[in-house]
Structure formats: structure tokens, C-alpha cells
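Comments concern the structure below.
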Amino acid sequence: MEVFLVSLLNGLVYGMLLFMLSSGLTLIFSMMGVLNFAHASAYMLGAYFAFTISLYVGFWPALILAPLLCGLIGAAIEMYGLRRVHKNGHIAELLFTFGLALIIEKCVQMTWGLVAVPYRVPAGLDFPLFSVYGTNFHAYRAFMLLISALMFVSIWLALTRTRVGLIIQASLTHPEMVGALGHNVPRVFTLVFAGGTALAGLAGVIGGNYQVTEPSMAFAMGPIVFVVVVFGGLGSLTGCFIASLLMGLIQTFAIVLDYSLADLLKQLGITITSSTPFAEVLSVPLPRIGALLPYILLVLILLVKPRGLMGTRDT
Amino acid sequence: MRRKLGLIPAAMAAAGSLGFGAAALAQGTIKIAYTDPLSGPFAQVGDSNLKQFQYILDYINSKGGALGKKFEIVPFDNKSQPSDALLALKSATDQNMPFIMQCSGSNIAAALIEAVDKHNERNPDNRIIYVNCGAVATELTNEKCSFWHFRFDIHAAMKAETMVRALPKDVTKIYLLNQDYLFGQSVQRDVKEFLKKLRPDVQVVGDELIPLGKVKDFSPYVTKIKAAGAQALITGNWGPDMSLLIKAGMDAGLDIRYYTMYAHLTGGPTAIGPGGDGKVRAIMPFSENIAVEEKNAEVEAWTKAFRDKHSFDFYAAGFRTIFEFLQAGVTKAGAVDATKIAYALEGLEMKDFLGHPAIIRKGDHQILSNYYVGVFKKGVKYDSEKTGLGWATEATVTAKDLDQPSTCKMKRPK
């Protein structure tokens, strides 16, 4: 019970961080049909901007300023880059964002160095908030949960309860019709791209000091974010939310549960010995393949339900 | 794609040092290629090592270098990849460097030993010595031992024995957590072996291997350690794998003893923080407070001068012993010739930089010198990373205590 509760909290924190990162991407992906490889780079930029800004004016202004900066960069990328490349089809867009991710990584290395920067949790949130069976739950984790929950609610409200949200939703499925009705669809695209990038930046601000702020953080986070987006389904914020939490919990619980396939087979009455074929693979404990599980799920869902969990369109 | 792109700067650096090489050769420096992660998750380790090496080399050179020549260190980033370390080796041998030095990653060390062996066999007039300053998987000076490989750090089994001996009598439940590669597996195996031999009363309540450099949040592991009811954690983790683990433990309020091999390196003290007073131990060849404890004024002044100049601790001051061995080896060999230097180094006995006896064992080229079990606590003269806490010596093991047998069957060249 103790392990279960603490792991549940750990999984929630990680899952919500994933959600913050992938919610922007899912909107961008479903609207423009482009897997934006540079999305995790915005996450990295957010962390680095926050680090630099917090050196001068502290963490709280950085919490606002860094995502805004990321959003501006996102808007510029969309207006001056993606929109031109868009004419040449999806492959060109894909390669464009891929190149961008590499360029951003190099720029970060040149600006902030190859070594991790000392971006720390603000002193005001650096204390144990409460304790579950003797394990402290840090205030900063609670803060991360709070921010991401607020974000989920506000995006959901904005998308479903405001005019802008309606237009965005309409542009997702019927861009020509929305254009014909006199709305500036390219501007909606820019808005969504900038918004998505800003969200990734926000995730970087609060994820960078929770984890480590270093130049390889974008490439470390990139693949799992794609898994979340594809698994959750295109254009579905709820799907993305469920997928994020699921991946967070799976990865956390995989570490805690010390079982292997061999244990499972034993329950079914089959005992694995060293002479059984694939004994090595079958007896690998779950914690050692935990990081792999999301990708296994990705492959499975693409085989069984290509639209993802709650997707309404094909990939 | 990404790897290939990363090679360009490495190639440029190599080309750059090639240009310098010609000039340096004219002045006749003795070059040491240093290859370690200077980018990627473990960059901090290589980067701070390099800065400390440069300070130590300045000192060695001010003492006259060797044979009237100065030592020079040439860095090559290997991104924690064996393949990149082999590229560094290629550049080093292309420039006729007599030494290649590497500290971090036993998997890389194993690749280097093999490559250096092959290279030296094929190129008798352009041989190179591999100076191992911290890759400590036990097999590297046992099954995999080589004449060209000199290890200047005690190996995992020696560290494991020291740790097991340092366990207090009332600790009977321990948890093992190590990195899933050659070194971590070596620690895992060696600690268990010594527990069986020296402390059969101790129960291993958890035994975990984690992917190297991939885990960013150790909280799930901390939950597991706590649930297992461990009284002490033994880990060989280094770099972020060590500091993030300890940080997660401290944040969660995990109240156990931490027995580490590398908590004294960069990032460790910050991760422990003031909350970890008296909880964390590490095995080290040196800490700045050892000079104070041993009343060695010369070493204290020398390490303090580094601190005044740099913003970080001088934990690698013990590497001065390595360079003093190289200095003595080259001088004894009478020529900058890898074969002669290697023969001069094996069995060489001298004082380490704190004045204690040290020897490179002839049988396996493993150094034996004084090591210390330090505990991180308040009330020491020199604190670490501005935490207010620092390392105090809890136990000292001498070269003689560490003398474990080796199974090395060394092949010596002519």
C-alpha cells in the first residue's frame, strides 16, 4: 500500500510533466499534420531561458517570461519557416523540424556550454510538504502537479468554451471551410504553434530543475513525447492527457514491480529453467525494461487501433 | 545522424591539435591524450577533471617535467562512447603521443585496452601507454589485463572490500544499486562476494541495475529502497546517476546510510546538501581535509591555491600521484619511448603526494596507495561546493591492506 501510494504520486508528477510537453505537440500535430521534431527543443529552451532569467530576476518572473520567449520563437518559426516549407509537402516539413532540433541543440551547447547548468528548485519551494508513510513529498512536486492541472483545465476551457477555441477546433478538421467563413486560418496556425511551443517552454521551466538542464535533455525527452501523442490519438487533448498519465505511471510502476515474464509463466504453471529457449529474455526483471514499455505499447496500439486511444483521424 | 554530426567538432579538434602538434613537438613536450566525456550527461565529470589536471600539470612542469621536457594534456571528447574513444586513440597515435589517459567508463576502458594492445603489436616503433585514472571494473587488471594498461585507481573489488569492512555491526540489511554496465556489474558482484566472506550476517534486501545515465528521477527507486527496509545503500554510481540518486533520497527523507564510491566528485556534495549531515560516505584517495588531518602543510597550501583560483573543489588533487609516477617513469626510462616507460613504471615504488608509500604492482599494473573512507559532515575546515559541510576521514586503508591477489597473466613485449 505504501509503495503503491508513493509510486502513484511519483507517476502522477512525471505523467503531468509529459502531458505539459505533449499537449502542445498534439495540437500542432493534429492541425498541421507535422510531427514537430523540434518540440522537445522548445522544452530545453524553456529550461535554459528560465535558468538565465532566474539568475537576474528570480524564478517567478522566469515562470512567465521563459514560456513567452519560447512562444515568440515558435511564432517566428511558423511564420518564416514552416509556412514556406509547407508548400513542399510533409516530408520537407519533417526534415525542416528535424534540422531545427539539431541546430537548436548546437546553439544551446554554444551558448550555455556542454555541461549541465546549475538550475535549481527555488528556495521557497524547497521543503517537504507532507509525508506519506514516512516518505516526504516535496513541495516542488506538488507545485508541478498544480501548474499542470491548471494548464489542463485552462486549455480545455479555452478550446471548448471560447470563440478562439471554436475556430481552432474547426480549423483542425475543416481548414478550407473556416477560411471561407472569413477567418485568417494561417494566423490560427501561428497561434497554435506559438501556444504549443510556449507550453513546451513552460514544461521546460518547471521540468528543468526537477530533472537536469543539459543540452541532451531534448533528445532524451523527444521520443517519449511522440509516443504519448500517437498513443493518445490525434487531435484529442483528453487522449493526450490519459496517455501521458498512463506512460508516467507505467514507467514508475515498472521500476517498483520486480517481476519478469518468467514469474508470470510460473503462475500459469510453466517453470522457466536455464535450458528453456529464450530463458534470458523471459527472466529479465521489469525494472530493466521499464523504459521500453511505452514503445512496446506504441507498436501495439498502431497495430490494433491506428488512430490511437481517442483519436478521430488517421495518423 | 546525430552521432555523425557530433563527430565534426571532434575531427576539427583533432585537426586543430594536429596543427599545434607540429609546433609543440618542436618545443618537445610530452603529450598525454585525455579522452573522457566532455559533452552529454557525464560532461561535468570530464570537464572538471580536465581543469584539475591542467593545474596539476602546471605544478609538475614547474618542478621540471621530465627529461627537460614539459607535459602537455590534449583533450578529446568521447561522449561516453567507446567508438569515439577509439577515434581519440587513433589521433593520439597518429601524433606519436606516448600516453592516452581515460578515467570514466569501464566499458570504454575495455575497448581501449584491446585497441592499444593491437596497435602496439602492429606498430612497434609507435607505441602508446594507456593511463587509466578511474575505470575500475575488477576484470581490467585480471582477466583483461595488459602490459600497456596502468591503473591508477584501486579497483572495484578493493573498494567493495573497503566498504564492506566499513559497515558498522548493527547494519544487517543493505540495498545494492548500480549502473548496468561492466563497472556496475563488477561492483554488484564484488560487494556480494565480500559480504559473504566478511559479513555473512548481512542480508541483501535489494539488488538493482539501472540504465547508465538515463534515469532523471530516482524517486521510484527511493520508494523501493525504503519499502525493502534497507539500513544502508551501497552504490558505485557516478556522475548524475549518483547525484540524482542521493538528491532523490534526501528529498524523500530516506534515513539510511549511503555507501558510495563517488559522492565526493563534482555535484555530489550539492546533491547531499546540509540535510545529509553524517549520512553519506565515500571512498576516496584524497579530500581537502586529509591534508589538514595529517598536518601536511605543503599539500594544504597547494590545494588551497587551486580553490582560490577556481570555483569548485579540488577533489582530484590525488591525481598528482599519477603524474608524479609518469614523471618518475619517463625520467627512469631515460627516453620518451612507451616500451621503456612501461618497463620503468611496473613495480615502481614511490611516495604518493601525501607522503605515503605507493606501488604499481608488477603483476597486473594496478596501483596500491592509501585510500580513505570519508563521511560528509559539519565542522570540517574545508567545506565542499559551498554547502558548509565537508569530508572528514572515518577510516584509512593503506596500500598493504588493499593488496588483493590478481589473476593476471601478463604478456610482455621485447
Inset, instruction - Find which of A:GLY58, A:GLY269, A:GLY134 sits farthest along the positive direction of the dipole of the range A:2-304, computed with +1 on the beta-carbon of Lys and Arg, -1 on that of Asp and Glu, about the Cα centre. - result: A:GLY58
Legend entry - For B:LEU212, distant residues with modelled amide H under 5 Å away: B:ASP180
Legend entry - Max mean-square fluctuation residue, GNM over chain B, Cα-Cα springs under 10 Å, options B:ILE210, B:ILE100, B:ILE108: B:ILE210
Legend entry - Dipole magnitude of the protein assembly as shown about its Cα centre (Cβ charges: Lys, Arg +1; Asp, Glu -1), debye to nearest 20: 640 debye
Inset, instruction - Count charges around B:ALA291 for me, please; just the other residues with Cβ under 14 Å from its Cβ, Lys/Arg as +1, Asp/Glu as -1. - result: -2
Inset, instruction - Would you work out the charge dipole size for the range B:268-414 about its Cα centre, treating the Cβ of every Lys and Arg as +1 and the Cβ of every Asp and Glu as -1, and quote it to the nearest 20 debye? - result: 480 debye
Legend entry - Average beta carbon contacts from partner chains per residue of B:168-179, 10 Å cutoff: 0
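Loop-only chymotrypsin sites (Phe, Trp or Tyr not before Pro) in the range A:232-315, please: DSSP not H, G, I, E or B, and at most 15 other Cβ atoms within 10 Å.
Here the chymotrypsin sites (Phe, Trp or Tyr not before Pro) that fit, given the DSSP loop and packing criteria, are A:TYR259, A:PHE278.
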Legend entry - Percentage of interatomic Cα-Cα distances in the protein assembly as shown larger than 39 Å: 40 percent
Legend entry - Relative contact order for chain B, counting Cα pairs under 8 Å that sit 6 or more residues apart, in percent: 15 percent
Legend entry - Occluded residues from the range A:118-165, i.e. those whose accessible area drops by 50 Å² or more once the chain is not alone (1.4 Å probe): A:ASN136
Legend entry - Relative packing of peptides B:45-52, A:91-98 - highest average C-beta neighbours within 10 Å first: B:45-52, A:91-98
Inset, instruction - Find the relative contact order for the range A:2-304 and round it to a whole percent, using C-alpha pairs within less than 8 Å whose residues are 6+ positions apart. - result: 35 percent
Inset, instruction - Would you mind checking which residues have amide H under 5 Å from B:GLY253's amide H? H placed 1.01 Å from N; only 5 or more apart, or other chain. - result: A:ASN136
Inset, instruction - Shielding by partners for B:209-219, please: the mean number of other protein chain Cβ atoms within 10 Å of each residue's Cβ. - result: 5
Inset, instruction - Could you calculate, for the range B:215-266, the ratio of the Cα radius of gyration to the Kirkwood radius, expressed as Rg to Rh? - result: 0.92
Inset, instruction - Counting helices only, and only those DSSP H runs with n ≥ 4, report the 222 nm mean residue ellipticity of chain B as the sum of -39,500 (n - 2.57) divided by its residues, in deg cm²/dmol to the nearest 500. - result: -13500 deg cm²/dmol
Inset, instruction - Would you kindly derive the ³J(HN,Hα) couplings of the range A:89-103 from the backbone phi angles with the Karplus curve 6.51 cos²θ - 1.76 cosθ + 1.60 (θ = phi - 60°), listing them in order in whole Hz, with x for Gly and Pro? - result: x, 5, 4, 4, 5, 4, 5, 4, 5, 5, x, 4, 4, 5, 5
Legend entry - Farthest toward positive dipole pole in the protein assembly as shown [+1 Lys/Arg, -1 Asp/Glu at C-beta], among A:GLY179, B:GLY267, A:LEU25: A:GLY179
Legend entry - Residue-averaged beta-carbon neighbours from other chains (10 angstrom radius) around B:324-333: 0
Inset, instruction - Mind ranking A:30-39, B:314-323 by how tightly packed they are, going by the mean number of other C-beta atoms within 10 angstrom, highest first? - result: B:314-323, A:30-39
Legend entry - Quarter of the Cα convex hull surface for the range A:2-304, i.e. its orientation-mean projected area (nm²): 19.2 nm²
Legend entry - Listed residue (B:LEU176, B:ALA316, B:PRO405) projecting farthest to the positive dipole end of chain B, Cβ model: B:PRO405
Legend entry - the range A:148-227 versus the range B:220-246: alpha-carbon centroid distance in Å: 37 Å
Legend entry - Delta accessible area of at least 40 Å² on complex formation, residues of the range A:89-117, 1.4 Å probe, chain isolated as reference: A:LEU102, A:LYS106, A:LEU114, A:VAL115
Legend entry - chain A, dipole about Cα centre (Lys/Arg Cβ +1, Asp/Glu Cβ -1), debye to the nearest 20: 660 debye
Inset, instruction - Over 20 Å, how big is the tail of the calculated P(r) for the range A:214-285, in percent of all Cα pairs? - result: 54 percent
Inset, instruction - Note the buried accessible area between B and A here, summed over both chains, with a 1.4 Å probe, in Å² to the nearest 100. - result: 2600 Å²
Legend entry - Selected from A:LEU237, A:LEU268, A:LEU12 as most flexible by GNM, with chain A as the system and alpha-carbon contacts under 10 Å: A:LEU268
Legend entry - Estimated vicinal HN-Hα couplings, Hz - the range B:388-396 in sequence order (Karplus 6.51, -1.76, 1.60; Gly, Pro = x): x, 10, x, 8, 10, 6, 9, 8, 10
Inset, instruction - Pick out which of B:ASN107, B:ASN178, B:ASN123 has the largest mean-square fluctuation in a Gaussian network model of chain B, springs linking Cα atoms closer than 10 Å. - result: B:ASN123
Inset, instruction - Only helical DSSP H runs with n ≥ 4 go in: add -39500 (n - 2.57) per run for chain A, normalise by residue count and round the 222 nm mean residue ellipticity to 500 deg cm²/dmol. - result: -23000 deg cm²/dmol
Inset, instruction - With the full set of protein chains in place, find how many percent of the accessible area of the protein assembly as shown is carbon and sulfur; take the probe as 1.4 Å. - result: 63 percent
Inset, instruction - For chain B, restrict the atom set to alpha-carbon positions and state the Rg and Dmax in Å. - result: 20.7, 63
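The values are calculated or read from the model by the stated rules, or taken from the named source; none is laboratory data. Small disclaimer: the values here were computed from a predicted structure and weren't measured. Backbone-built Cβ (ideal geometry, glycine too); neighbour counts: all protein chains shown. These accessible areas exclude ligands, DNA and RNA; they are computed on the full protein's heavy atoms, side chains included. Shrake-Rupley method; radii C 1.70, N 1.55, O 1.52, S 1.80 Å.
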